[in-house]
Amino acid sequence: MAPATTLAAARRLVGSRRRTEAPRRRPSPSSPPRKLRPMSEIMARAKYAVVERTDYSNIICEQCGSGERSDELLLCDKCDKGFHMKCLRPIVARVPIGSWLCPKCSGHRRVRSFSQKKIIDFFRIQKTGDGKNKCTSNQDTRKRRKRSRSLVLLKKRRRLLPFIPSEDPNQRLKQMGTLASALTAMQMEFSDDLTYFPGMAPRSANQAKFENGGMQVLAKEDMETWELCRAMFRRGECPPLIVVFDSCEGYTVEADAQIKDMTFIAEYTGDVDYIKNRENDDCDSMMTLLLATDTSKSLVICPDRRGNIARFINGINNHTVH
């Protein structure tokens with residue numbers, strides 16, 4: 001039998017461990033398992049700090065290796081390396097306002113995937129009972145009647161053509177899914193119309209009579225083509241285009257099928273505002289809407305918050321959001 005002093009010491013030792021060790025909690029069967037974020041996502045959102053140099057006279061461009069034209073050198077706010085504005089792809093036309101990251105530090109944005117139901121909800125697609133209806137227009141009928149006319153006459157009377165959507169519904173969902181992912185990554189809302197919000201230009205400011213020199217009026221056939229294309233998109237019959245991501249150019253558009261010349265794809269949409277309110281705006285995707293005789297009434301389309309696939313077709317810098 002062990003001595004009493006040894007047993008007492010053992011009890012004290014066990015009691016001490018019980019007091020200092022954290023109690024172990026048993027996982028509740030009803031509570032869901034805790035999800036941990038991957039380290040890559042944490043590091044992508046983590047704050048960074050750049051140590052300022054005492055001398056920037058020896059900065060060179062990482063693309064061409066030259067330190068000349070220092071007034072055109074952009075310094076990355078993360079790695080502190082230099083890049084000529086004309087050496088970047090796409091070229092940076094003016095010095096960005098606020099922070100700027102080089103192509104390497106900006107990294108790839110996380111692309112969100114969309115299920116079929118989410119794509120339908122995202123674009124507010126109108127469900128139809130029969131999806132086998134072929135889209136035809138009065139323009140196609142007139143074309144058949146005019147085939148006997150000379151080719152020269154047809155070239156003089158060229159009109160807009162409606163796009164031809166992919167026949168496979170799954171392929172159309174894939175195309176719209178890439179657009180939804182790109183809009184989400186750019187923190188944009190989908191809008192297939194011009195939008196007017198308080199603090200910007202009102203709807204009454206967008207009138208054809210304000211245009212300097214008059215405004216071109218679309219022919220009746222072109223208006224029918226425009227209305228047909230909008231109706232097709234509302235049904236989920238989108239143009240045969242896929243939005244892809246490029247490490248240098250950002251989000252761009254590739255044709256997923258043959259597209260004829262003079263085909264109507266999409267109307268450039270976004271928030272409407274006066275040019276005078278956007279003179280110092282760093283958004284590089286603005287499109288002129290109305291050049292008025294009175295310059296204070298001129299309007300631009302700003303698709304930095306709302307827009308459609310035209311935002312990525314236009315060939316502008318879709319790499320970073322400033």
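The values are calculated or read from the model by the stated rules, or taken from the named source; none is laboratory data. Keep in mind the model is a prediction, meaning the values are calculated, not measured. Here the Cβ positions follow ideal geometry from the backbone for every residue, glycine too, while neighbour counts run over all protein chains shown. Ligands, DNA and RNA are stripped out before the accessible areas are found, and what is left, the full protein with its side chains, is counted by its heavy atoms. Shrake-Rupley method; radii C 1.70, N 1.55, O 1.52, S 1.80 Å.
Numbers below:
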{"item": "Of all residues making up the range 222-254, the number that are in contact with a Leu (Cβ under 6 Å, 6 or more places away or on another chain) and of a type in the set (A, V, I, L, M, F, W, C)", "result": "2"}
{"item": "The lone exception for Met215 - which of (1) outside any loop (DSSP other than H, G, I, E, B); (2) closer than 24 Å to Thr295 by Cβ; (3) open to solvent by 40 Å² or more (accessible area, probe 1.4 Å) it fails", "result": "(1)"}
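Residue-by-condition table, conditions (1) touching a residue at least 12 places away in the same chain (Cβ under 8 Å); (2) in a loop (DSSP other than H, G, I, E, B); (3) open to solvent by less than 20 Å² (accessible area, probe 1.4 Å); (4) not assigned by the TED database to the domain that holds Asp192:
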residue: Phe233; (1), (2), (3), (4): yes, no, no, no
residue: Cys238; (1), (2), (3), (4): yes, yes, yes, no
residue: Ile242; (1), (2), (3), (4): yes, no, no, no
residue: Thr252; (1), (2), (3), (4): yes, no, no, no
residue: Ile259; (1), (2), (3), (4): yes, yes, no, no
residue: Asp273; (1), (2), (3), (4): yes, no, yes, no
residue: Asn280; (1), (2), (3), (4): yes, yes, no, no
residue: Val300; (1), (2), (3), (4): yes, no, yes, no
